[in-house]
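S.K.: I'd like to ask you about the structure that follows.
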Amino acid sequence: MLEGRNVSLKPLEKEDLDWFTQWNNDPAYGGEYEPLEQNSLTDIEKWYTEEASGRWFVIQNKQGDPVGQIMYTEGGLGTTIGYIVHPDYRGKCFCTEAVTIMVDFLFLTKKIVRITAQCNPKNKASVKVLEKNGFTLEGIVRKAMFIRGQYMTSAVYGILREEWGKPRIL
Ligand SMILES: CC(C)(COP(=O)(O)OP(=O)(O)OC[C@H]1O[C@@H](n2cnc3c(N)ncnc32)[C@H](O)[C@@H]1OP(=O)(O)O)[C@@H](O)C(=O)NCCC(=O)NCCS
């Protein structure tokens with residue numbers, strides 16, 4: 001468990017998959033910029049076993065309740081993070097702190113030179129979370145993703161190891 005001041009990151013476990021599936025099937029959870037996927041618990045259990053273990057975390061508050069999720073992947077643009085906070089818990093700086101913890105964790109545990117995040121430039125909350133964590137806008141990819149009936153622009157943000165400098169929380 002990675003402890004912050006107001007939230008902690010706990011590895012996603014099998015016992016979380018019930019609420020995790022329900023939350024991720026709720027269109028309000030992902031909001032207008034996330035894909036509108038619908039997955040069965042069986043699908044999610046298979047995905048968890050084959051792909052997710054170790055890279056997906058529950059964002060939880062100090063009472064130990066889940067408030068969202070954060071993950072990283074290793075892809076074409078290197079180590080890339082993604083996150084969602086449940087609508088009931090938004091606007092409390094939970095995501096900002098979760099990203100701070102994740103960035104510390106990744107730079108402290110992996111020999112990587114950068115961390116990437118991609119978001120729709122209209123997603124003001126996500127842009128704010130990245131800027132508050134020292135990410136820089138590196139480029140705009142037009143028609144990058146087909147989400148909810150339309151092609152969406154993706155803004156690529158990055159933070160380099162030298163820009164991070166030293167741990168903020170961990
Ligand atoms: C993006 C998201 C994770 C942010 O979570 P959060 O815990 O509410 O974020 P925080 O409270 O740490 O910070 C949000 C910041 O955005 C600001 N913000 C929120 N909505 C905004 C808007 N419409 N316009 C401008 N700023 C906005 C908040 O004021 C806050 O900034 P502040 O601390 O300077 O006041 C959450 O909105 C979410 O889950 N959205 C749906 C899923 C999603 O879009 N994920 C990201 C995909 S790239």
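S.K.: So what are the radius of gyration and Dmax for the Cα set of the stretch 66-136, in Å?
M.R.: 12.0, 36
S.K.: Averaged per residue, what accessible area in Å² does the chain show with a 1.4 Å probe, protein chains only?
M.R.: For the chain, the solvent-accessible area averages 55 Å² per residue.
S.K.: Then there is this: Mind jotting down the distance between the C-alpha centroids of the stretch 18-63 and the stretch 68-99, whole Å?
M.R.: 12 Å
S.K.: How big is D, in µm² s⁻¹, for the chain by Stokes-Einstein at 10 °C and 1.306 mPa s if Rh is the Kirkwood radius over C-alpha pairs?
M.R.: Values: Rh = 16.5 Å.
Rounded to a whole number, D works out at 96 µm²/s.
S.K.: Filter 124/166; 10/110; 62/128 down to the pairs with a C-alpha to C-alpha distance above 21 Å, please.
M.R.: 124/166; 62/128, as the Cα separations exceed 21 Å there.
S.K.: In addition: Leaving out ligands, DNA and RNA but keeping every protein chain, what accessible area does residue 40 have, in Å² rounded to the nearest 10, with a 1.4 Å probe?
M.R.: Probe radius 1.4 Å; accessible area of residue 40 about 50 Å².
S.K.: Now a separate question. I need the calculated FRET efficiency for the pair residue 37 and residue 74, taking r as the beta carbon distance and R₀ as 22 Å, to the nearest 0.05.
M.R.: 0.55
S.K.: Here's a follow-up. Keeping the other protein chains in place, figure out the carbon and sulfur percent of the accessible area of the chain, with a 1.4 Å probe.
M.R.: 51 percent
S.K.: Give the peptides 136-142, 16-22 in descending order of average Cβ contacts within 10 Å, highest first.
M.R.: Going from most to least packed, we get 16-22, 136-142.
The values are calculated or read from the model by the stated rules, or taken from the named source; none is laboratory data. Keep in mind the model is a prediction, meaning the values are calculated, not measured. Neighbour counts run over all protein chains shown; Cβ positions are idealised from the backbone, glycine included. To get the accessible areas, we keep the full protein, side chains included, count just its heavy atoms, and leave off ligands, DNA and RNA. Shrake-Rupley method; radii C 1.70, N 1.55, O 1.52, S 1.80 Å.
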